[in-house]
1. With the crude spin-label approximation of a point 7 Å out along Cα→Cβ, what separation in nm comes out for residue 133 versus residue 43?
2. For each of 216, 235, count neighbouring Cβ atoms within 10 Å of the residue's Cβ, then give the residues from fewest to most.
3. Ranked highest first by average number of other Cβ atoms within 10 Å, how do 134-146, 194-206 line up?
4. Expressed in nm to one decimal, what extension gain is obtained for the pair residue 50 and residue 196 from 0.36 nm per residue of sequence separation less their Cα-Cα distance?
5. Residue 152 to residue 189: FRET efficiency via 1/(1 + (r/R0)^6), r the Cβ-Cβ distance, R0 35 Å, to the nearest 0.05?
6. Taking a label point 7 Å from the Cα of residue 161 along the Cα→Cβ vector, which residues of segment 114-137 have an amide N closer than 12 Å to it?
7. Please give the length that would be gained between residue 203 and residue 252 if that part of the chain were fully extended, namely 0.36 nm times their separation in residues minus their C-alpha to C-alpha distance (nm, one decimal).
8. With label points built 7 Å along Cα→Cβ from the Cα atoms of residue 261 and residue 64, find their separation and express it in nm.
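No value in this document is a laboratory result; all are computed from the given coordinates. This structure is a prediction, so every number in the text was calculated from the model and none was measured. For neighbour counting, all protein chains shown are included, and Cβ atoms are generated from backbone atoms with ideal geometry for every residue, glycine included.
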Amino acid sequence: MLLMNDSPRDDASLDARRAADRWIHERYQRTRDPRHRDELIERYMPLAHHLARRYQRGSDNFDDIAQVAAVGLINAVDRFDPARGMAFTSFAVPTISGEIKRYFRDRTWAIRPPRALQENVLRLERAIEQFTTDHGRPPTIKDLMARLDGLDEEHILEALQVRRATSTTSLDASAASRDGSDFTLGDSIGSTDDGFDQAEQRTLLEGLMRYVSPREREILRMRFAQDMTQAEIGEILGVSQMQVSRILRGSIARMSVLAQQPPAPSEAESCAGPA
């Protein structure tokens, strides 16, 4: 008997609330008074917080998501038209959810994948959370395939891989070592060794030096190996600085042309030396 009496009262209370909500929306629609707008926002802020908690992920800051949800609520209040006969919550929920999804899509990725992959990751994370809550264990790939329509095993594995792009680790973060010493992740990354390029350049230069005269070779050695000036070289060889400059330019130009040409088979074998 008590339940029979409670039901009409609950329905009447719900109808009264809906009528009050509609009246407040119609009043704001007519007046566009900021005070009425603030009243609507405050009235539905618990709904925005509820949706923010629903989309919150483990390491995400709830305050940031709640602010995004509040922006979505404000947009819903401004765009809602009570004359269409739709309940405000039916209009506000997808509006707020869309704002939160855009936030995750545009602001939370350290490395931004294509939009389709981002949406698959969001669907995947909600499915993992719901399955874990319902069954008390993480889902398998088959479990996720049963919950996510349109995603096969390959798409789910791809989403799991892309999921790692939502955050990055600083190279200054400390890393464990076997001997107990402290070092960062950056310390474990190798650097470019210029020695290989230098060895190739020395080999190329030795081959090109065969195409200049002994005198030109000596002038090149004094200029670039011993870092002597052209005037100093001229004094040693008994020639003018202009002659030294002309010899350097000519020999360097000749070697530059030869360096751009592929060696003949006999020259390649000669440079390689005996096996």
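1. Going by the 7 Å Cα→Cβ label model, 2.8 nm.
2. Numbers: 216 18, 235 14.
Ascending Cβ contact count within 10 Å gives the list 235, 216.
3. 134-146, 194-206
4. Working: separation 146, 0.36 × 146 = 52.56 nm, distance 6.03 nm.
The residue 50-residue 196 span can extend by a further 46.5 nm.
5. 0.45
6. Zone members listed by number: none at all.
7. Here the segment from residue 203 to residue 252 would lengthen by 16.0 nm.
8. 6.2 nm
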